[in-house]
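Here's the structure we're looking at; comments come further down.
The values are calculated or read from the model by the stated rules, or taken from the named source; none is laboratory data. Source: prediction; values computed, not measured. Using ideal geometry, Cβ is built from the backbone for each residue, glycine included, and neighbour counts are taken over all protein chains shown. Please note that ligands, DNA and RNA were not included when accessible areas were found on the heavy atoms of the full protein model with its side chains. Shrake-Rupley method; radii C 1.70, N 1.55, O 1.52, S 1.80 Å.
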2 protein chains.
Amino acid sequence: MSFNILYLHLDYTRRKMFSKACKYAINAMIYVATLPEGQERAGLKEISKAINSPEAFTAKILQELVRHDLFSSVKGPNGGFHIQGNPNKIFLSEIVEAIDGDMLFTGCALGLEKCSEDHPCPVHHKFLAIRDHLTGMLMTTSLRDVADRVNIGISFLKY
Amino acid sequence: MSFNILYLHLDYTRRKMFSKACKYAINAMIYVATLPEGQERAGLKEISKAINSPEAFTAKILQELVRHDLFSSVKGPNGGFHIQGNPNKIFLSEIVEAIDGDMLFTGCALGLEKCSEDHPCPVHHKFLAIRDHLTGMLMTTSLRDVADRVNIGISFLKY
DNA sequence: ATATTAAAGGACAAAAATATCCTTTAATCT
DNA sequence: AGATTAAAGGATATTTTTGTCCTTTAATAT
Ligand code: FES
Ligand code: FES
């Protein structure tokens, strides 16, 4: 019942960089990456509790991550999700791309059909640097990197 | 009818940095800033044609910009919207904040309630630099800057 | 004054994103 | 083999974002 909604049906004060789905995906993978050796698998309930996300919605996202070969899953007792591959070799960019797609990495800031040097929008030249900065960060930050920060207690997946 | 929708009701391959509303807002203000002296006012129809945006939706956004004192408007014949203030002193950050809010500038990348040094998410330290880069760019790029690029023909508002 | 013009505003509609519930499938345990 | 467990998947609901339409308000022109 915000001031905005009252007058204009627009309440954009919540726009973020990533979708919620994407954040849940990243957090879920980070959480599983933090698990100790020998028990590096977690179920939906455990994951969504750990990252404070709605269970059923998280289930959909985990399924999608399985389809993208980022997670693999096992059914039945002691089943759950574990990371497919080496967390040192899985980068945040892969998770973002799996869920939010690659428009953040390639799309035009001002909505032109496509971003190009030939026909640039008015912020193209300045936006490129930011886009590349973001892309570079995500492509060089591995799941292990961030999971370690959580394990040593300097970063958190929820509050 | 994408492959994604077929299987999971998730088709996030379009996530962008800014909302459509925000892009329309920026483009509309840039367009009006490109108008020659003596005729620096444009109507809804002219604007939405120039920036290739849906007219009625654009109307709502222009109203919002008026409420935020970025545009002022005049009704009746030869009415329309003109920039409130000096385009040299209006920065893209103000438009983004008016429409998308300030979460892009202040919010946590991974969805924590609030972004803070005390209780940072696992990408906080790396994300800060990107957020600041983006914020800095938007806070230092004036409407005049970008409008000039359009006027000299090196940038475009539509394709 | 009246007609015309264009923005403001309200109501509503469609699409996308977020979220829940329930059934089915497949793994494990007894 | 049968019971139990947990992911997969389908259907549906809610909220947010995007979009349209129509009436009202206010400015200008005749
Ligand atoms: S054309 Fe707009 S960001 Fe490249
Ligand atoms: S706490 Fe997540 S970006 Fe600062």
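Worth a mention:
- For chain B, the calculated P(r) over all alpha carbon pairs, in 5 Å bins from 0 to the bin holding the longest distance, is 1, 8, 15, 18, 16, 13, 11, 9, 5, 2, 1, 0 percent.
- Part-to-part distance (alpha-carbon centres) for region A:125-150 and region B:17-72, which is given in Å: 33 Å
- Each stretch of four or more DSSP H residues adds -39500 (n - 2.57); spread over every residue of the protein assembly as shown, this sum gives -15000 deg cm²/dmol at 222 nm.
- Cys residues of the protein assembly as shown that find no other Cys beta carbon under 4.7 Å: A:Cys22, A:Cys121, B:Cys22, B:Cys121.
- Note on A:127-137: average number of Cβ atoms from other chains within 10 Å of each residue's Cβ is 4.
- Which listed pairs, of A:Lys60/B:Lys126; A:Lys23/A:Lys114; A:Lys89/A:Lys158; B:Lys20/B:Lys89; A:Lys49/B:Lys60; A:Lys45/B:Lys60, have C-alpha distances above 32 Å, in listed order: A:Lys49/B:Lys60; A:Lys45/B:Lys60
- Within-15-Å neighbourhood charge of B:Asp69 [Cβ basis; K, R +1; D, E -1]: -1
- Accessible surface comparison of A:Asp145, A:Asp100, B:Asp132, A:Asp118, probe 1.4 Å, protein chains only, largest first: the order is A:Asp118, B:Asp132, A:Asp145, A:Asp100.
- Rg to Rh quotient for the protein assembly as shown, alpha carbon positions, Kirkwood Rh: 1.03
- Relative to the longest principal axis of the Cα atoms of chain B, helix B:124-140 runs at roughly 10 degrees.
- A:Phe71 long-range amide H proximity, modeled H, under 5 Å: A:Val66, A:Gln84
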